[in-house]
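The values are calculated or read from the model by the stated rules, or taken from the named source; none is laboratory data. Just so you know, these numbers come straight off a predicted model, no measurement behind them. Reconstructed Cβ throughout: ideal geometry from the backbone, glycine too, with neighbour counts over all protein chains shown.
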Amino acid sequence: MIDIKALASGSKGNAYRITDGKTPLLLECGIPYRDIQIGFDFHMSDVAGCLITHEHGDHSKSVKDVIKKGAIDVYASQGTFTQLGIAGHHVKPVRAREQFQLGTWTILPFDVEHDVSEPLGYLLMNQCGEKLLFATDTYYIKYKFKSLTHVMVECNYSLDILNENIREGRVPAVMKRRLLRSHFSLEHVKEFLSANDLSKVQEIWLLHLSDNNSDAAHFKKKIMELTGKPVYIA
């Protein structure tokens with residue numbers, strides 16, 4: 001059974017603990033390593049690996065400590081590692097659409113759209129047949145997924161809230177252009193979920209909500225109404 005714990009989510013840092021009961025993983029490491037240790041109850045030797053989606057600091061801040069202090073293998077695209085400027089035997093480049101094994105997980109990276117070098121999302125499958133989708137910091141996912149049981153997806157902003165903030169002068173208009181080409185909105189999430197097979201989904205996690213351009217209660221309500229599934233805000 002998949003268990004998800006959000007250690008941090010948002011522009012100040014992202015990190016998530018997931019396990020299938022056998023193999024704990026760290027998704028992203030964008031918070032201080034000490035906070036990651038606390039999130040894992042200091043059982044860092046149990047962590048089979050860390051998956052990173054891209055090089056931005058709120059997703060990769062403590063990668064060197066994860067490698068050096070935790071002796072944990074880190075998985076990301078070569079483009080991400082090049083931008084981070086790290087290499088070594090704990091650095092494990094992976095490629096989109098080429099699956100690999102990590103403990104009891106089978107992991108399939110896939111390409112997403114973001115304003116960085118070679119960003120990835122991940123589809124994780126355990127030995128019980130459960131499938132977890134992890135996708136953040138993207139404005140478009142071209143793939144469709146069957147038989148998902150857990151969904152962790154960015155829901156950064158709402159166009160309505162963003163436009164209101166721009167009209168009121170709370171957010172500069174230039175920010176809209178970047179958000180439209182780099183982050184998943186509530187509207188994007190609804191379209192993405194509607195296009196995918198949710199028949200087996202047990203829970204949906206909304207990640208990386210904007211401090212200024214989101215409304216957690218509203219987002220949760222809308223996704224629950226759309227899907228009929230339990231929804232959690234990270």
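Filtering segment 96-104 for residues that are surrounded by fewer than 20 Cβ atoms within 10 Å (Cβ to Cβ), within 15 Å of the chain's Cα centre (by Cα) and aromatic (Phe, Trp, Tyr) leaves an empty set. Against the conditions (1) over 22 Å from Cys50 (Cβ atoms); (2) surrounded by 13 or more Cβ atoms within 10 Å (Cβ to Cβ), Leu207 satisfies every one except (1). Whether any residue in segment 184-204 is surrounded by fewer than 20 Cβ atoms within 10 Å (Cβ to Cβ), without any contact (Cβ under 8 Å) to a residue 12 or more places away in the chain and farther than 30 Å from Ile18 by Cα is what I want to check. The answer is no; no qualifying residue exists. When the test is whether a residue is at pLDDT below 95, under 18 Å from the mean Cα position of the chain (by Cα) and buried (at least 16 other Cβ atoms within 10 Å of the Cβ), His114 passes it. For the residues Ser158, Ser185, the requirement of being small (Gly, Ala, Ser) and touching a Cys at 6+ places or on another chain (Cβ under 8 Å) singles out Ser185.
For the residues Tyr140, Tyr157, the requirement of being without any contact (Cβ under 8 Å) to a residue 60 or more places away in the chain, of a type in the set (Phe, Trp, Tyr) and within 20 Å of Ser77 (Cβ to Cβ) singles out Tyr140. Within segment 170-183, being free of Cβ contacts under 8 Å to residues at least 60 places away in the same chain and loosely packed, with under 14 Cβ neighbours inside 10 Å holds for Arg170, Pro172, Ala173, Val174, Arg177. I want to confirm something. Restricting to segment 83-107 and keeping residues that are touching a residue at least 24 places away in the same chain (Cβ under 8 Å) and touching a Pro at 6+ places or on another chain (Cβ under 9 Å), which single residue is nearest to Asn126 (Cα to Cα)? In this case the residue turns out to be Gly103. Looking at Asp41 and the list (1) among the charged types (D, E, K, R); (2) without any contact (Cβ under 8 Å) to a residue 40 or more places away in the chain; (3) within 21 Å of Ser77 (Cα to Cα), which single condition is not satisfied? Of (1) among the charged types (D, E, K, R); (2) without any contact (Cβ under 8 Å) to a residue 40 or more places away in the chain; (3) within 21 Å of Ser77 (Cα to Cα), only one is false for Asp41: (3).
Looking at this structure, is Met125 under 22 Å from Cys50 (Cβ atoms), among the aliphatic types (A, V, I, L, M), without any contact (Cβ under 8 Å) to a residue 24 or more places away in the chain and crowded, with 16+ Cβ neighbours inside 10 Å? Answer is yes for this residue.
Taking segment 199-208 as the range and being of a type outside the set (Val, Ile, Thr) and within 12 Å of Pro230 (Cβ to Cβ) as the test, the residues that pass are Gln202, Glu203, Trp205, Leu206. The set of residues in segment 19-34 being closer than 26 Å to Val116 by Cα and not in a strand (DSSP E or B) consists of Glu28, Cys29, Gly30, Ile31, Pro32, Tyr33. Of the helices (runs of 4 or more DSSP H) entirely within segment 151-234, those holding at least 1 residues that are modelled with pLDDT of 95 or more and β-branched (Val, Ile, Thr) occupy 186-194, 216-227. Of the set (1) surrounded by fewer than 19 Cβ atoms within 10 Å (Cβ to Cβ); (2) in contact with a helix residue (DSSP H, G or I) (Cβ under 8 Å, 6 or more places away or on another chain), all apply to Gly70 but (1).
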